[in-house]
Each structure stands twice: as C-alpha cells, then as structure tokens.
Amino acid sequence: MSGPEAARVVVGSIAGAFGVRGEVRIKSYCAEPSDIADYNPLTLEDGRALTLTLIRPIKGGFAGRLSGVAEKEDADALKGAELYTDRDRLPSLPDDEFYHADLIGLTVLDTGGAELGQVRAIQNHGADDLLEVQGPGLKATVLVPFTRAIVPTVDLDQRRIIIDPPEGLF
C-alpha cells in the first residue's frame, strides 16, 4: 500500500445519530474502545477533520459529539462513515499482531506456493478473526481462520500470507 491510504488507518465508524442534538453513535475498532478519542482529530474519507468527544458508553459503542455536527440531520448524514487517524499516531504492535488495514489486499498462497486469492476483509464473529479470501478460481469468498496453525506466515514486506488450509476449505 502506498500513498495517502497507507498513512491512514480506520479506528472506528459512525453508526448514526444518537438523540436530537447532533450526538452520534460511535463504533470503536480500538483494542481499548475508549482510546478512539485519543487519536483526535479524526478524519473522514474525504479528508474532513473532526474532533470526537465521547459522552458515555452505550450498547455496542459510545454516544459522542463530533465538531461541526450540531443537528440530528447532520449526524444522520454521516451514518456509516469511517473515522481515520494517521498511522504514525498508533502504537506499534508485537510481531504476531497486525492492523486489519495491513492485511487487506495481501496475496494468499498455500504452503506449496500456489496463489489462492487476496484478503478482501477481516471478520470476527466472536472467536478468532477470519480472513475473507477472494480469488479468481473461487465461486464465493472463503473464510480462513486467522490462527497460527492455519496462517503460519504473514509477510507484510512481500505483501503475502502463506496459509495451510484445512482439507476441503478451498
């Protein structure tokens, strides 16, 4: 990844309006959810900078205020928008942890070097993360458990992941 996208990482999203005074519902993607406000100013995809103030925890996230958002209609208009911060503001990770943004787009190879596809997204339904792999020979995307046993190698420099998929997964 290069260019401005490489310099930004999604740290949360706006789930919609909360109340009638322009407050928003915030979903935080940070390991410690309340840390999202520490990365102010946050930016939208169009580059607009916003300052987030968390008001209180609510089910599934936080109620918060964003600078420049004063009406319910303004908050509704931002529903689904992702909130970005500069990558250099994020803490560095241990060797066996990765930011989702770094994994998306990586080429997926099997242990014999055959290309299986690319990582399209990362999903989590409660247990381990799942790599959503999309490839030319696949009818649908394949969800690969992101465990050390199945994904022994993540090589960010070479932009590839080596997987040892269970029999029948591909």
Computed about the Cα centre, the charge dipole of the chain from +1 Lys/Arg and -1 Asp/Glu charges at the Cβ has a magnitude in debye, to the nearest 20, of 660 debye
Where a label projected 7 Å from the Cα of D128 along Cα→Cβ would reach, residues of the stretch 29-52 with amide N under 11 Å:
none
Residue-normalised value, i.e. accessible area per residue, for the stretch 1-143 at 1.4 Å probe, in Å², stands at 57 Å²
For Rg and Dmax of the Cα atoms in Å, pick the label among (i) 15.7, 47; (ii) 17.4, 55; (iii) 18.3, 57 that corresponds to the value derived from the coordinates.
(iii)
Only bridges with both residues in the stretch 87-170 count here: give the DSSP antiparallel percent, nearest 5.
80 percent
For the chain, build the charge dipole from Cβ charges (+1 Lys, Arg; -1 Asp, Glu) around the Cα centre, then report which of T111, G12, I55 sits farthest towards its positive end.
I55
For the stretch 139-150, what does the Karplus curve 6.51 cos²θ - 1.76 cosθ + 1.60, with θ = phi - 60°, yield as ³J(HN,Hα) per residue in whole Hz, taken in order and with x for Gly and Pro?
5, 9, 5, 10, 9, 10, x, 8, 10, 4, 5, 8
What is the dipole size for the stretch 66-154, taken about its Cα centre, with +1 at each Lys and Arg Cβ and -1 at each Asp and Glu Cβ, in debye to the nearest 20?
280 debye
Charges only on Cβ, +1 for Lys and Arg, -1 for Asp and Glu: so what's the dipole of the stretch 108-170 about the Cα centre, in debye to the nearest 20?
160 debye
Enumerate the calculated ³J(HN,Hα) couplings along the stretch 88-93 in order (Karplus 6.51 cos²θ - 1.76 cosθ + 1.60, θ = phi - 60°), each rounded to whole Hz, writing x wherever the residue is Gly or Pro.
5, 8, 7, x, 6, 9
Area projected by the alpha carbon convex hull of the stretch 1-62, averaged over all directions, nm²
4.8 nm²
So how far, in whole Å, is the C-alpha centre of the stretch 1-65 from the one of the stretch 78-140?
20 Å
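Using a probe of 1.4 angstrom, how much of the accessible area of the chain is carbon and sulfur, in percent?
49 percent
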Under a Cβ-Cβ cut-off of 14 Å, what is the net charge of the residues other than A70 that fall near it, where Lys and Arg count +1 and Asp and Glu count -1?
-2
As a check on your grasp of the helix formula, calculate [θ] at 222 nm for the chain: sum -39500 (n - 2.57) over DSSP H runs of n ≥ 4, divide by the residue count, round to the nearest 500.
-1000 deg cm²/dmol
Answer rounded, prolate or oblate for the stretch 114-168, using the Cα gyration tensor with square roots of eigenvalues a ≥ b ≥ c: rounded when a/c is under 1.5, else prolate when a/b is larger than b/c, else oblate.
rounded
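The values are calculated or read from the model by the stated rules, or taken from the named source; none is laboratory data. Everything numeric in this text was worked out from a predicted model, so none of it was measured. As a convention, Cβ positions derive from the backbone with ideal geometry for all residues, glycine included, and neighbour counts pool all protein chains shown. Please note that ligands, DNA and RNA were not included when accessible areas were found on the heavy atoms of the full protein model with its side chains. Shrake-Rupley method; radii C 1.70, N 1.55, O 1.52, S 1.80 Å.
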